[in-house]
Amino acid sequence: MNQQGTVPVLIVGAGPTGLTLACDLLRRGVACRVIDKVATPFAGSRGKGVQPRSLEVLDDLGVLDAARAAGAAPYPPLRAYAGSQVVWEGVMHERREPSPDVPHPLPLMLPQGLTEEVLRTRLAGLGGRVEFATELTGFEQDGDGVSATLVTAGGAPERLRALYLVGADGGHSSVRKRLGISFEGETHEEDRMLIADLHVDGLEREFWHTWPERETRALKVGLCPLAGTNTFQLMAPLAPDEAPELSLDALQTLFNARSGRTDLRLHGLGWASVFRTNIRLAERYRVGRVFLAGDAAHVHPPDGGQGLNTGVQDAYNLGWKLGEVLAGAPAALLDSYEQERLPIAAEVLGLSTRLHQRGVRSDSNAPQRGAETQQLGLHYREGPLARDERDVKGRVEAGDRAPDAPCHDAAGNAIRLFDVFRGPHFTLLAFGALPADTVAGLAARYGAKVRVRTVVSPGGGSGGHVLVDTHGHARRGYDLEGPALVLVRPDGYIGLITPHLVTEPVERYLARVLAP
Ligand SMILES: Cc1cc2nc3c(=O)[nH]c(=O)nc-3n(C[C@H](O)[C@H](O)[C@H](O)COP(=O)(O)OP(=O)(O)OC[C@H]3O[C@@H](n4cnc5c(N)ncnc54)[C@H](O)[C@@H]3O)c2cc1C
């Protein structure tokens, strides 16, 4: 058996969750190994909805442009037919324009396989790679680390020592099972959907085409043009006793029978699957040095496109905490991962379940998706890392997502708050005059770990640390009138708001979350 040295983090599973975590760790200089038991990357559509909050994460990781270049695009309008006749047309998401605080107000569609490819390319740019055909077959942990056994196709088993292990190994997570963590919830055996990626001749790509039951409006079959490809995703709910065949001939027969059309030729079948509705949440997200993230910790009905997005946010929450604790921050910081993320998953599961029930009941608003699916309003206000020292809080509190705002630097160049946040550091925004020597003192003490910016009105200051709030968007976005210090975490959430322009509260806060 091969025995390698100790790696800081072993990530099991190279889906969207594992890849996001790997990118976040590597960009902060934390080495990790990412393994996946499959021999080749997933190439299907599956989780195709990337929510606005995840777009912000992709932006922070430096891959939003690459996702767009890969074809990420707004959802097309929906069309319902009776045979060839259009009987209804509508949109899934209400049209919303970018605003100063929300630059990406609408979800984009990108098939999961392409999202993963974009993340893998970023990982390679950071010097990492996925080790495919490498399966975790066992592990034990002690106070200092985790000993894992990896089996590679055709190779000798490898014994690996890691300081932390993250199970991003999907809904059937063997990491979760080995930890003995229960996965409470429901599986609806009778509630199944057939999904297949394929080509369709003779159908416009400008619409998501659906064929509902005339009376109940329940979906019989649908074809969604997949952004970034020239394929469609076919979706067809299955009756409890239906045993579908996933061959092209069988899918063509099913499609013709359900749509009443014989003029559309299906071909080029790619990924195809039948999934049952699963609603489950892990009882814990962590045992000692082993963590769960993504589908390993929570599985959702696909309605509302929450699963992939919640996994990406898990990884984004965990990455900086692992990085800081590995650098010497108090180990208690890692407790906040479960404390912050488990309640969020419970909330999101409730939402996707409600949306699913709307679909099962064929409610008239079943296809529509509102702001609640965008994950911008999810917050950690009640979590252990939110500290708001104001007597009277505003609309935006510690624990909330830190809003964006267009500003200018002292030289007059346009710059957004998100440009300042982008990267693995904390950002301290000083609304009000922070003396230059205080700024210099913070820079000397924290270096690249904390970026300090003084937010001033036009004409209110100069220097590299100044952000000119030219149109007042920053103050409005943070709902601040008087002076305040706002500390923004590396994952874009507000950690601390204090009305005092003194650095002690900031230093006290940072002592809990940063290596000395
Ligand atoms: C039909 C369908 C539609 C969906 N639509 C959406 C949507 O629109 N939006 C959305 O947000 N979500 C959607 N989802 C959910 C989304 O696909 C999942 O939430 C997402 O894939 C979870 O990502 P993950 O990285 O946590 O896990 P996965 O993508 O499942 O990745 C886990 C990886 O771990 C690997 N692995 C497992 N065990 C081991 C082991 N022992 N050793 C090594 N590797 C291992 C697996 O091979 C796999 O590659 C949908 C899901 C389905 C089925």
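Residue-wise test of (1) farther than 30 Å from Tyr81 by Cβ; (2) surrounded by fewer than 17 Cβ atoms within 10 Å (Cβ to Cβ); (3) more than 16 Å from the ligand (Cβ to nearest atom); (4) without any contact (Cβ under 8 Å) to a residue 60 or more places away in the chain.
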residue: Arg276; (1), (2), (3), (4): no, yes, no, no
residue: Leu281; (1), (2), (3), (4): yes, no, no, no
residue: Asp295; (1), (2), (3), (4): yes, no, no, no
residue: Trp320; (1), (2), (3), (4): yes, no, yes, no
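It is to be established whether one or more residues within segment 264-287 are more than 30 Å from Val175 (Cα to Cα) and in contact with a Gly (Cβ under 9 Å, 6 or more places away or on another chain).
Checked against the condition, which is being more than 30 Å from Val175 (Cα to Cα) and in contact with a Gly (Cβ under 9 Å, 6 or more places away or on another chain), segment 264-287 yields at least one hit.
Of all residues in segment 126-144 being away from the ligand (no atom under 15 Å from the Cβ) and under 23 Å from Leu19 (Cβ atoms), which is least open to solvent (accessible area, probe 1.4 Å)?
Only one residue fits best here, namely Gly128.
Residues are listed down the side, and each one gets a yes or a no for (1) open to solvent by 10 Å² or more (accessible area, probe 1.4 Å); (2) more than 30 Å from Asp314 (Cα to Cα):
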| residue | (1), (2) |
| --- | --- |
| Lys449 | yes, no |
| Pro458 | yes, yes |
| Ser462 | yes, yes |
| Ala484 | no, no |
| Glu507 | yes, no |
| Ala515 | yes, no |
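Mind telling me which of the residues Leu246, Leu266, Leu198 ends up being closer than 29 Å to Gly71 by Cα, open to solvent by 50 Å² or more (accessible area, probe 1.4 Å) and not basic (Lys, Arg)?
Leu246
Which members of segment 488-505 meet the condition of being over 23 Å from Val312 (Cβ atoms) and either touching a residue at least 24 places away in the same chain (Cβ under 8 Å) or in contact with a Cys (Cβ under 8 Å, 6 or more places away or on another chain) (or both)?
Selection gives Leu496, Ile497, Thr498, Pro499, His500, Leu501, Thr503, Pro505.
Could you please find all residues in segment 170-198 being within 9 Å of the ligand (Cβ to nearest atom), out of contact with any Pro (no Cβ under 9 Å at 6 or more places or on another chain) and within 30 Å of Leu226 (Cβ to Cβ)?
The answer is Gly170, Gly171, His172, Ser173.
So if I check each of Pro105, Pro16, which one is open to solvent by less than 20 Å² (accessible area, probe 1.4 Å), at pLDDT below 95 and over 21 Å from Phe232 (Cα atoms)?
Only one candidate qualifies: Pro105.
Which number in (1) in contact (Cβ under 8 Å) with a residue 24 or more places away in the chain; (2) farther than 17 Å from Leu64 by Cβ; (3) outside any loop (DSSP other than H, G, I, E, B) marks the one condition that Glu140 misses?
Going through the list (1) in contact (Cβ under 8 Å) with a residue 24 or more places away in the chain; (2) farther than 17 Å from Leu64 by Cβ; (3) outside any loop (DSSP other than H, G, I, E, B), Glu140 breaks only (1).
Before we move on, is Val468 open to solvent by less than 10 Å² (accessible area, probe 1.4 Å) and at pLDDT 95 or above?
Here the answer is no, as Val468 does not meet what is asked.
Can you find a residue in segment 137-145 that is aromatic (Phe, Trp, Tyr) and under 13 Å from Val34 (Cα atoms)?
no
I'd like to check which helices (runs of 4 or more DSSP H) are fully inside segment 1-86 and have at least 2 residues that are within 14 Å of the ligand (Cβ to nearest atom) and touching a residue at least 40 places away in the same chain (Cβ under 8 Å).
16-27, 52-60
Against the condition over 16 Å from the mean Cα position of the chain (by Cα) and within 20 Å of Arg416 (Cβ to Cβ), how does Glu97 come out, does it pass?
yes
Which numbered condition trips up Pro301, out of (1) open to solvent by less than 10 Å² (accessible area, probe 1.4 Å); (2) assigned to a loop (DSSP other than H, G, I, E, B); (3) within 8 Å of the ligand (Cβ to nearest atom)?
Just one mismatch for Pro301, condition (3).
Could you tell me whether Pro237 is open to solvent by 20 Å² or more (accessible area, probe 1.4 Å) and within 13 Å of the ligand (Cβ to nearest atom)?
Answer is yes for this residue.
Tell me which residues, restricted to segment 145-165, are assigned to a loop (DSSP other than H, G, I, E, B) and within 18 Å of Ala31 (Cα to Cα).
If the condition is that a residue be assigned to a loop (DSSP other than H, G, I, E, B) and within 18 Å of Ala31 (Cα to Cα), then Gly145 is the only one that fits.
Got a sec? Which helices (runs of 4 or more DSSP H) wholly within segment 378-494 have at least 1 residues that are touching a strand residue (DSSP E or B) at 6+ places or on another chain (Cβ under 9 Å) and more than 28 Å from Thr20 (Cα to Cα)?
436-446, 473-478
Rundown of residues vs (1) at pLDDT below 95; (2) more than 21 Å from Thr310 (Cβ to Cβ); (3) of a type in the set (D, E, K, R); (4) in contact with a strand residue (DSSP E or B) (Cβ under 9 Å, 6 or more places away or on another chain), yes/no style:
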| residue | (1), (2), (3), (4) |
| --- | --- |
| Glu94 | yes, yes, yes, yes |
| Arg129 | no, yes, yes, yes |
| Ala133 | no, yes, no, yes |
| Phe139 | no, yes, no, yes |
| Ser147 | no, yes, no, yes |
| Thr152 | yes, yes, no, yes |
| Asp169 | no, no, yes, yes |
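The values are calculated or read from the model by the stated rules, or taken from the named source; none is laboratory data. Predicted model only: the values in this text are computed from it and were never measured. Every residue, glycine as well, gets a Cβ built from its backbone with ideal geometry; the counts of neighbours run over all protein chains shown. Surface areas here come from the heavy atoms of the whole protein model, side chains and all, with no ligands, DNA or RNA. Shrake-Rupley method; radii C 1.70, N 1.55, O 1.52, S 1.80 Å.
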